[in-house]
């Protein structure tokens, strides 16, 4: 009788370790990208060359006039898009400050 009531009380209890907030596995990478300092013109140029200024276009793959599948804009697939664009912006600001003639090239 005691064991039966103990089991019933265990079934009714919620686990204490369950969290209501979702775990963001990319948060350390986001913090690292946001914390990167641009202190070298060569690094700033490299970042501006590698990161596009705007989101690449969506594509529709078709054959004989029939749409087979659609590729969404790549920025929607990248969970770190905001951080990467922020890094590019900081690199562009650094170039505008240190080498004003080169900053226009990457706009």
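The values are calculated or read from the model by the stated rules, or taken from the named source; none is laboratory data. What you see is a predicted model; the values in this text were computed from it and never measured. Because the Cβ atoms are built from the backbone with ideal geometry, glycine has one as well, and the counts that use them run over all protein chains shown.
For region 79-104, which positions are surrounded by 12 or more Cβ atoms within 10 Å (Cβ to Cβ) and farther than 17 Å from residue 36 by Cβ? Scanning region 79-104 gives 79, 96, 99, 102, 103.
Residue 93 meets all of the listed conditions (1) in contact with a strand residue (DSSP E or B) (Cβ under 9 Å, 6 or more places away or on another chain); (2) in a helix (DSSP H, G or I) but one, namely (1).
Looking at region 53-70, can you tell me whether even one residue there is out of contact with any strand residue (DSSP E or B) (no Cβ under 8 Å at 6 or more places or on another chain), surrounded by 12 or more Cβ atoms within 10 Å (Cβ to Cβ), at pLDDT 75 or above and part of a helix (DSSP H, G or I)? No, region 53-70 has no match at all.
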